[in-house]
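Inspection log for the structure reproduced underneath, given as structure tokens.
The values are calculated or read from the model by the stated rules, or taken from the named source; none is laboratory data. All values derive from a computational prediction rather than experimental measurement. Please note: Cβ atoms are built from the backbone with ideal geometry, for glycine as well, and neighbour counts cover all protein chains shown.
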Ligand code: GLC
């Protein structure tokens with residue numbers, strides 16, 4: 001449609017119809033046609049209102065439903081404005097790839113883009129127009145269950161991976177039925193909730209917000225994300241969806257975002273619960289004033305916007321602007337010409353879980369696994385005759401993660417299936433040993449598990465945290481292995497020291513006690529559909545682990561928040577990080593450093609960082625530095641390495657991190673091969689937000705290092721000249 005035609009369409013709409021365009025319902029409220037139609041969240045609506053005036057729908061599963069929804073609506077809407085169909089396609093529609101936190105550990109933006117492209121194809125075929133993805137919240141506290149949804153504790157990774165996902169999902173032209181629009185979320189600082197408790201208040205300085213939380217959202221807006229979702233939390237006292245500074249001043253004015261803002265689920269109505277709105281009508285007013293375009297599911301826009309305009313509390317122009325943003329998105333998706341967009345049942349059959357997509361998922365699972373410890377246990381011998389597969393996750397199918405689509409577990413390749421596919425003649429003994437539920441104390445199965453371990457040549461011990469224990473509304477006060485899993489590990493490893501522990505979890509866990517007894521630990525996170533195949537290839541070395549932690553693993557929950565890019569303080573704890581040093585920034589009962597640091601991960605081969613050189617010793621603001629690091633594979637098998645470049649600003653007008661990741665590249669090396677990895681460093685990467693919230697760099701000395709956080713291997717100094 002032309003802009004003029006859109007304008008004419010808008011001008012012809014009633015206030016109620018305009019309010020409807022800004023209202024999103026759950027698909028269930030449409031499809032449940034036999035039940036009484038109540039409308040959003042039980043708000044009484046005229047029986048046909050759901051069909052006639054609604055603007056968008058969320059959560060459905062396939063092309064058949066997508067077409068049904070669109071047909072029902074278009075038959076009832078006099079303006080024949082197509083619905084926007086939106087789904088949380090977070091890491092796969094049918095073929096599920098690893099959770100975002102695992103993908104962050106791949107340190108491979110291109111691999112994530114490949115996975116996102118696969119998910120986009122399957123989602124488009126299912127009739128999805130918009131995905132509520134990427135989630136790029138900085139998370140530094142694993143008590144918050146949604147840490148699994150973000151890529152990293154480092155905003156640089158979240159921004160780069162988020163932008164890569166936006167580009168791979170939206171493509172160059174949204175009207176192409178194979179492309180879908182992205183909604184970046186949750187804006188902003190949702191991951192900084194007090195005490196790691198979901199939905200909790202966030203009190204943070206503007207400087208810290210701009211330094212560590214906003215950059216990743218901005219990277220996605222700059223990459224062209226067409227929607228933004230404000231977060232549930234109050235930010236410095238005002239819930240994001242009503243936070244004019246956050247939404248109008250920063251997002252709309254500073255960043256120039258002119259796309260659609262859609263609230264989170266019920267979040268507009270929750271302004272009453274927060275206590276910043278006296279009633280739903282005021283809530284609708286506050287959200288509109290903060291340029292929230294769509295009210296997700298609560299129905300308060302539908303109930304109150306027309307009256308608010310009639311009463312002059314909301315200018316009709318504000319309403320028109322919001323509606324026009326929604327109409328423009330629908331128009332850019334080509335929905336007026338093709339309301340079904342990519343919905344295609346034949347394409348679904350062809351694409352969902354196809355071999356090519358399974359291969360992409362499996363490769364992603366292999367490259368996001370992190371080898372934390374390995375004392376000669378892995379890879380397993382090729383000629384092994386029997387193996388004990390033990391633990392509560394040994395036969396688990398729910399290895400996909402909180403935001404996998406409903407029913408994903410039906411397609412998961414389990415660990416026994418994957419192992420048997422690779423080793424058909426292997427005798428596989430399986431013992432559950434114990435449960436993994438919070439509060440589970442039943443240890444009756446441990447003896448039998450230990451017996452199975454004792455008689456096996458090798459043991460793979462599958463531990464972790466149930467899929468439903470991380471994700472939205474899943475905060476914990478202690479991020480330990482739930483249930484009696486540690487007792488099981490002690491018994492099994494005592495019975496057979498030739499044991500490799502494999503972990504399935506969404507949040508970083510405390511592994512301090514496990515690390516003392518386990519000779520090998522492989523972190524698989526929630527790997528997704530090809531779990532069993534990926535694990536089998538990793539266990540026998542067809543795939544060589546190359547993941548690096550995108551969030552450090554704590555020794556105790558009490559260390560949180562535990563950012564790797566910490567500042568030095570005036571009394572840094574003397575190294576080594578053991579022992580008690582009163583009057584230093586330390587603990588009496590624990591070392592300061594994580595058990596495993598950000599950027600850490602082992603391989604079946606080994607790498608040496610042989611040389612770090614800079615092409616000059618100083619640069620000016622317009623200059624750039626060429627940094628070359630020589631990395632060699634000193635082992636006997638091919639491997640991949642995520643080469644990380646860290647920076648330290650030695651003196652600045654505000655305290656600066658002792659180590660800050662400013663770039664990363666992933667390389668492959670044959671045994672004995674060495675490569676020069678080249679980074680270009682510019683003044684832009686040296687900037688920070690100063691006390692007056694200005695983004696600046698300051699002349700002075702800097703250090704560049706390679707290695708991983710807390711274990712920097714080579715360091716070079718250079719100067720930024722005025
Ligand atoms: C949820 C989540 C958000 C998701 C939305 C729609 O509450 O906070 O991430 O996109 O609702 O399902």
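Of note:
- Some residue of segment 608-617 being surrounded by 15 or more Cβ atoms within 10 Å (Cβ to Cβ), under 27 Å from residue 103 (Cβ atoms) and touching a strand residue (DSSP E or B) at 6+ places or on another chain (Cβ under 8 Å): yes
- Of all residues making up segment 272-294, the number that are touching a helix residue (DSSP H, G or I) at 6+ places or on another chain (Cβ under 9 Å) and assigned to a loop (DSSP other than H, G, I, E, B): 8
- With respect to the conditions (1) in a strand (DSSP E or B); (2) crowded, with 16+ Cβ neighbours inside 10 Å; (3) within 31 Å of the chain's Cα centre (by Cα), residue 678 falls short on a single one, namely (2).
- Residue count for segment 404-438, restricted to those that are touching a helix residue (DSSP H, G or I) at 6+ places or on another chain (Cβ under 9 Å) and free of Cβ contacts under 8 Å to residues at least 60 places away in the same chain: 14.
- Pair list, Cβ under 9 Å, 6 or more apart: segment 457-478 residue farther than 22 Å from residue 190 by Cβ, other residue within 16 Å of the ligand (Cβ to nearest atom) and modelled with pLDDT of 95 or more: 464/506
- Any hit, segment 455-462, residues being buried (at least 16 other Cβ atoms within 10 Å of the Cβ), assigned by TED's automatic domain parsing to the domain that holds residue 498, in contact with a strand residue (DSSP E or B) (Cβ under 9 Å, 6 or more places away or on another chain) and in a loop (DSSP other than H, G, I, E, B): yes
- Residue in segment 710-722 that is nearest to residue 155 (Cα to Cα), counting only those that are buried (at least 16 other Cβ atoms within 10 Å of the Cβ) and in contact with a strand residue (DSSP E or B) (Cβ under 7 Å, 6 or more places away or on another chain): 712
- Scan of segment 296-306 for residues that are surrounded by fewer than 23 Cβ atoms within 10 Å (Cβ to Cβ) and closer than 18 Å to residue 11 by Cα, ordered by number: 306
- Candidates 424, 406, filtered to the one that is within 16 Å of the ligand (Cβ to nearest atom) and surrounded by fewer than 16 Cβ atoms within 10 Å (Cβ to Cβ): 406
- Filtered residue count, segment 80-116, keeping only those that are surrounded by 24 or more Cβ atoms within 10 Å (Cβ to Cβ) and part of a helix (DSSP H, G or I): 10
- Filter result (outside any helix (DSSP H, G or I) and either within 16 Å of the ligand (Cβ to nearest atom) or touching a helix residue (DSSP H, G or I) at 6+ places or on another chain (Cβ under 7 Å) (or both)) within segment 141-170: 141, 143, 144, 150, 151, 152
- Matching helices (runs of 4 or more DSSP H) fully within segment 295-374 where at least 3 residues are under 30 Å from the mean Cα position of the chain (by Cα): 316-332, 345-351, 355-368
- Of all positions in segment 273-280, at least one carries a residue that is in the same structural domain as residue 329 (by TED's automatic domain parsing), within 16 Å of the ligand (Cβ to nearest atom) and touching a strand residue (DSSP E or B) at 6+ places or on another chain (Cβ under 6 Å).
- Candidates 435, 439: the one that is assigned to a loop (DSSP other than H, G, I, E, B) and either on the phi > 0 side of the Ramachandran plot or at pLDDT below 95 (or both) is 439.
- Scan of segment 235-261 for residues that are within 16 Å of the ligand (Cβ to nearest atom) and out of contact with any strand residue (DSSP E or B) (no Cβ under 7 Å at 6 or more places or on another chain), ordered by number: 239
- Counting the residues of segment 281-299 that are more than 16 Å from the ligand (Cβ to nearest atom) and over 23 Å from residue 249 (Cβ atoms) gives 1.
- The set of residues in segment 598-636 being part of a loop (DSSP other than H, G, I, E, B) and more than 31 Å from the chain's Cα centre (by Cα) consists of 615, 616, 617, 620, 621, 622, 623, 634, 635, 636.
- Screening 173, 198, 264, 178 for residues that are more than 30 Å from residue 336 (Cβ to Cβ) and either part of a loop (DSSP other than H, G, I, E, B) or within 16 Å of the ligand (Cβ to nearest atom) (or both) leaves exactly one candidate, 198.
- Of the residues 389, 399, the single one that is within 17 Å of residue 99 (Cα to Cα) and not in a helix (DSSP H, G or I) is 399.
- One residue from 497, 482 being assigned to a loop (DSSP other than H, G, I, E, B), over 30 Å from residue 199 (Cα atoms) and assigned by TED's automatic domain parsing to the domain that holds residue 383: 497
- Within segment 30-77, being at pLDDT below 60, within 16 Å of the ligand (Cβ to nearest atom) and surrounded by fewer than 18 Cβ atoms within 10 Å (Cβ to Cβ) holds for one residue alone: 41.
- Applying the criterion of being more than 12 Å from the ligand (Cβ to nearest atom) and within 24 Å of residue 193 (Cα to Cα) to the residues of segment 216-227, the residue that is surrounded by the most Cβ atoms within 10 Å (Cβ to Cβ) is 217.
- Filter result (under 16 Å from residue 719 (Cα atoms) and in a loop (DSSP other than H, G, I, E, B)) within segment 689-705: 697, 698, 699
- Single condition residue 299 does not satisfy, out of (1) modelled with pLDDT of 95 or more; (2) in contact with a helix residue (DSSP H, G or I) (Cβ under 9 Å, 6 or more places away or on another chain): (1)
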